[in-house]
1. Out of Gly275, Gly263, report the one residue that is within 17 Å of Asp366 (Cβ to Cβ), in contact (Cβ under 8 Å) with a residue 60 or more places away in the chain and not aliphatic (A, V, I, L, M).
2. Any chance you could count how many residues in the range 131-182 are without any contact (Cβ under 8 Å) to a residue 40 or more places away in the chain and either away from the ligand (no atom under 15 Å from the Cβ) or touching a Leu at 6+ places or on another chain (Cβ under 8 Å) (or both)?
3. Given the conditions (1) farther than 22 Å from Ala145 by Cα; (2) among the acidic types (Asp, Glu); (3) in a loop (DSSP other than H, G, I, E, B), report the number of the one that Asp51 does not fulfil.
4. So in the range 308-362, with the set limited to residues that are of a type in the set (Val, Ile, Thr) and within 20 Å of Asn291 (Cβ to Cβ), which one is surrounded by the fewest Cβ atoms within 10 Å (Cβ to Cβ)?
5. What pairs come up if the first residue lies in the range 304-333 and is over 29 Å from Ala424 (Cα atoms), the second is away from the ligand (no atom under 12 Å from the Cβ) and of a type in the set (D, E, K, R), and their beta carbons are under 7 Å apart, counting only those six or more places apart or on different chains?
6. When the residues of the range 54-74 are narrowed to those that are within 14 Å of Ser39 (Cβ to Cβ) and hydrophobic (A, V, I, L, M, F, W, C), which ends up surrounded by the fewest Cβ atoms within 10 Å (Cβ to Cβ)?
7. So, in the range 297-326, how many residues would count as being more than 12 Å from the ligand (Cβ to nearest atom), aliphatic (A, V, I, L, M) and more than 20 Å from Gly405 (Cβ to Cβ)?
8. If a residue has to be in a loop (DSSP other than H, G, I, E, B), closer than 19 Å to Gly228 by Cα and of a type in the set (A, V, I, L, M) to count, how many in the range 139-183 make the cut?
Amino acid sequence: MRYVSTRGGSEPVSAERAVINGLAPDGGLYVPESFPELSPGAMRDAMKYADRARIVMAPYFQGFDGMRDAVEAAYHGGRFDGPEVAPVTVAGGACYLELWHGPTCAFKDMALQVLPHLFKMSRKMTGQSGDICILTATSGDTGKAALEAFRDIPGIRVICFYPHGGVSETQRLQMVTQEGANLLVSAVRGNFDDAQSGVKKLFDDTDLKDRAALAGVSFSSANSINWGRLAPQIAYYVSAYAQMCAMGKIKPGDRLNFCVPTGNFGNILAGWIAGQMGLPLGRLICASNANNVLTDLIARGRYDRRRELKLTISPSMDILLSSNWERCLYLLSGGDSELVNGCMSSLREEGVYDLPDKVKGRLSEDFYGGCCGDSETKATIRSVFEKEGALLDPHTAVARAVYDGYVHRTGDDTPTVIVSTANAYKFCGAVLEALTGKERPDSAELAEELQRLTGISCPVALMGLSQKPVLHETVAEPGEMRRVVERFIKI
Ligand SMILES: *Cc1c(COP(=O)(O)O)cnc(C)c1O
């Protein structure tokens, strides 16, 4: 399998090159040249999570010997809290795909636990010597998952930038207490988009790259712009489908909807790709919070980022520039990189662009967009807990509310899986407030209170965070991010 850039200005590359590069040299994102067909067995048969993941991923990573061990270590090596890895659960008639059973309690672990293995194999295959320094911007969950995944891996360093004041207290503590000599965490004054575009600027900084290269260091990315982050996510859509068949909720071949709480568009795009590989999908329901750029995009065919980014109780979706949308735009337009370039430059210069009709049509065939503000999110957390006994985190609650609205509006009764992206204890403050109606400052200590109130236990990984020593105290201006990198890699 070869990978092409969405901007059409770079040569096609191998999978190992795509993983090492992260972003294509022309600033585009790598997309596979074609989508391999899933075998019916992969969608239906009972099998271990790692085996299905390997079957789904193998055609994308030809020549990677070691995939079997990689997925085995990632998913069944004691990092996830049970052998199911990504179970589908049913509560009050709704089905949830729980993607938060990994070490950091959010869905980013599903891909990030595999990514170090993909890096290791890719380095060997490309003969890449020297160190890799992974630069990530995080809206809260990617950062911790990347730190945890790459901790103490020789030859790889990770720098993680998060928006100052823009993540939950538990998310912040998870990051700033992170141990590992090869890791650095820094807050950035600004919001997630500032952090993400700051990192993009670092990738484009040829002077920085050249000087790093002299010191034997090259940069890469663990954000979902990296194909190695996206590919492992396809597998859990296939796994959810097989579980729905096993539970008798659908028959093999039946269509299934997924409702996905969406920020950077990586998760939902992986679902769409599963559909391109032959998974029988109905609609992909794209759920946004008050930062509803994608809702407008799907409804009206106009991408318009000219608005203030709002801080919400679902911070991992506080995003106006959904980087993976670029991949979808490229694919829906039939690989029209000229169109992608045009759209991306109007977005950069004017903050807005309109989709051509053919893309708009295909987009609204495959996707439905809906959004939900904080008060509705809280009301959903409360009513779902009280009526159905499930404790949803704010991101999953956004998806649930949007799904209910979708059914109400369309009457679509296709079986649907709501993708549950985080454990509620990562967002104790917001969840407790939703349940009690009492406002209080977010603090990791609220976990005990939430346990008492709900009788649902807090994951071990999130307990005692406030007692751990803080190891990372840097707060940088966006303009200082380069200096942070230089200091860490000593150039
Ligand atoms: C990252 C994240 C999302 C958004 O996923 P994208 O792939 O960026 O669309 C949603 N919920 C949680 C909890 C997340 O961590």
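The values are calculated or read from the model by the stated rules, or taken from the named source; none is laboratory data. None of the values given here were measured: they were computed from a predicted structure. Every residue, glycine among them, receives a Cβ derived from its backbone with ideal geometry; neighbour counts consider all protein chains shown.
1. On the way: Gly263 fails: within 17 Å of Asp366 (Cβ to Cβ).
Exactly one residue qualifies, and that residue is Gly275.
2. 10
3. (3)
4. We begin by selecting, within the range 308-362, every residue of a type in the set (Val, Ile, Thr); these are 312-313, 319, 340, 352, 359.
Retained after the next criterion (residues that are within 20 Å of Asn291 (Cβ to Cβ)): 312-313, 319, 352.
Working: Thr312: 22, Ile313: 26, Ile319: 24, Val352: 13.
Here the answer is Val352.
5. Cβ pairs passing all conditions: Asp304/Asp296; Leu332/Arg362.
6. Just the residues of the range 54-74 that are within 14 Å of Ser39 (Cβ to Cβ), to begin with: 54-59.
Applying the additional criterion that residues be hydrophobic (A, V, I, L, M, F, W, C) yields 55-58.
Values: Ile55: 19, Val56: 28, Met57: 22, Ala58: 15.
Looking at residues that are within 14 Å of Ser39 (Cβ to Cβ) and hydrophobic (A, V, I, L, M, F, W, C), I get Ala58.
7. We begin by selecting, within the range 297-326, every residue more than 12 Å from the ligand (Cβ to nearest atom); these are 297-311, 320, 326.
Now narrow it down to the ones that are aliphatic (A, V, I, L, M): 297-299, 309, 311, 320.
Restricting the remaining residues to those that are more than 20 Å from Gly405 (Cβ to Cβ) gives 309, 311, 320.
Selection size over the range 297-326: 3.
8. So the answer is 1.
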